[in-house]
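The values are calculated or read from the model by the stated rules, or taken from the named source; none is laboratory data. Just so it is clear, the structure is predicted and the values come from calculations on it, not from any experiment. Cβ placement follows ideal geometry from the backbone for every residue including glycine, while neighbour counts extend to all protein chains displayed.
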Amino acid sequence: MKGRELSLPWGEVEVILNQIDQYSYLFDCHSVRDVLINSPLGFTPSSDINDSVWLQSQSLLADERLEESTSFSVNEETEQQREVVPISEGTKKLA
(Lines give C-alpha, C1' and ligand atoms only; values in the text may rest on other atoms or scores of the structure.)
Protein backbone atom coordinates (compact mmCIF):
# COMPACT_ATOMS: atom_id res chain seq x y z
CA MET A 1 0.00 0.00 0.00
CA LYS A 2 1.09 3.51 -0.77
CA GLY A 3 -0.08 6.55 1.11
CA ARG A 4 -1.44 9.30 -1.09
CA GLU A 5 -1.02 12.61 0.59
CA LEU A 6 -2.35 15.81 -0.80
CA SER A 7 0.15 18.59 -1.32
CA LEU A 8 -0.64 22.19 -2.27
CA PRO A 9 1.72 25.06 -3.01
CA TRP A 10 2.00 27.52 -0.12
CA GLY A 11 0.29 30.28 -2.15
CA GLU A 12 -2.89 28.19 -2.47
CA VAL A 13 -2.78 27.17 1.19
CA GLU A 14 -2.39 30.82 2.19
CA VAL A 15 -5.42 31.86 0.10
CA ILE A 16 -7.55 29.11 1.66
CA LEU A 17 -6.40 30.01 5.19
CA ASN A 18 -7.08 33.73 4.63
CA GLN A 19 -10.60 32.98 3.38
CA ILE A 20 -11.28 30.74 6.36
CA ASP A 21 -9.90 33.42 8.69
CA GLN A 22 -12.10 36.14 7.18
CA TYR A 23 -15.27 34.05 7.31
CA SER A 24 -14.48 32.86 10.83
CA TYR A 25 -14.11 36.47 11.96
CA LEU A 26 -17.60 37.13 10.56
CA PHE A 27 -18.97 33.94 12.18
CA ASP A 28 -20.03 32.79 8.70
CA CYS A 29 -19.97 29.00 9.15
CA HIS A 30 -21.57 28.26 5.79
CA SER A 31 -18.86 30.16 3.92
CA VAL A 32 -16.08 28.46 5.91
CA ARG A 33 -17.65 25.14 5.02
CA ASP A 34 -17.94 26.16 1.34
CA VAL A 35 -14.26 27.13 1.24
CA LEU A 36 -13.31 23.73 2.63
CA ILE A 37 -15.64 21.88 0.25
CA ASN A 38 -14.44 23.81 -2.82
CA SER A 39 -10.75 23.54 -1.92
CA PRO A 40 -8.79 20.60 -3.34
CA LEU A 41 -8.45 19.07 0.11
CA GLY A 42 -10.83 16.16 -0.17
CA PHE A 43 -13.13 17.54 2.54
CA THR A 44 -16.54 15.90 2.41
CA PRO A 45 -18.79 16.82 5.33
CA SER A 46 -20.82 14.02 6.80
CA SER A 47 -23.59 16.22 8.23
CA ASP A 48 -24.97 19.74 8.36
CA ILE A 49 -23.47 22.40 10.60
CA ASN A 50 -24.00 21.38 14.22
CA ASP A 51 -22.62 24.42 16.02
CA SER A 52 -25.30 25.21 18.60
CA VAL A 53 -24.19 28.82 19.14
CA TRP A 54 -24.09 29.57 15.42
CA LEU A 55 -27.44 27.90 14.79
CA GLN A 56 -29.02 29.94 17.60
CA SER A 57 -27.56 33.18 16.20
CA GLN A 58 -28.99 32.33 12.76
CA SER A 59 -32.39 31.78 14.33
CA LEU A 60 -32.19 35.17 16.06
CA LEU A 61 -31.17 36.87 12.81
CA ALA A 62 -34.13 35.30 11.03
CA ASP A 63 -36.44 36.59 13.77
CA GLU A 64 -34.98 40.11 13.45
CA ARG A 65 -35.43 40.06 9.67
CA LEU A 66 -39.04 39.00 10.12
CA GLU A 67 -39.65 41.85 12.58
CA GLU A 68 -38.01 44.34 10.21
CA SER A 69 -40.14 43.21 7.27
CA THR A 70 -43.27 43.35 9.43
CA SER A 71 -42.45 46.81 10.76
CA PHE A 72 -41.73 47.98 7.21
CA SER A 73 -45.20 46.87 6.15
CA VAL A 74 -46.75 48.72 9.07
CA ASN A 75 -44.74 51.85 8.24
CA GLU A 76 -45.76 51.57 4.61
CA GLU A 77 -49.43 51.40 5.61
CA THR A 78 -48.95 54.40 7.88
CA GLU A 79 -47.45 56.35 4.97
CA GLN A 80 -50.44 55.43 2.83
CA GLN A 81 -52.82 56.59 5.56
CA ARG A 82 -51.01 59.94 5.77
CA GLU A 83 -51.62 60.53 2.09
CA VAL A 84 -55.39 60.30 2.56
CA VAL A 85 -56.83 63.77 2.84
CA PRO A 86 -60.22 64.01 4.54
CA ILE A 87 -62.76 66.07 2.66
CA SER A 88 -65.35 67.80 4.76
CA GLU A 89 -68.60 69.06 3.38
CA GLY A 90 -68.77 72.09 5.64
CA THR A 91 -66.57 75.12 5.58
CA LYS A 92 -64.08 75.69 8.34
CA LYS A 93 -64.05 78.96 10.21
CA LEU A 94 -60.68 80.41 10.95
CA ALA A 95 -60.24 82.10 14.29
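Within the range 21-35, the residues that satisfy the criterion of being in a helix (DSSP H, G or I) and within 17 Å of the chain's Cα centre (by Cα) are 22, 23, 24, 25, 29, 30, 31, 32, 33, 34, 35.
Among the residues of this structure, residue 13 counts as one that is modelled with pLDDT of 80 or more, of a type outside the set (Ser, Thr, Tyr) and not in a loop (DSSP other than H, G, I, E, B).
Which ones in the range 42-60 are over 24 Å from residue 13 (Cβ atoms) and hydrophobic (A, V, I, L, M, F, W, C)? Within the range 42-60, 53, 54, 55, 60 meet the criteria.
Counting only residues that are at pLDDT below 75 and of a type in the set (D, E, K, R), the range 39-66 holds 1 of them.
If the condition is being over 18 Å from residue 51 (Cα atoms) and aromatic (Phe, Trp, Tyr), then the range 1-31 contributes only 10.
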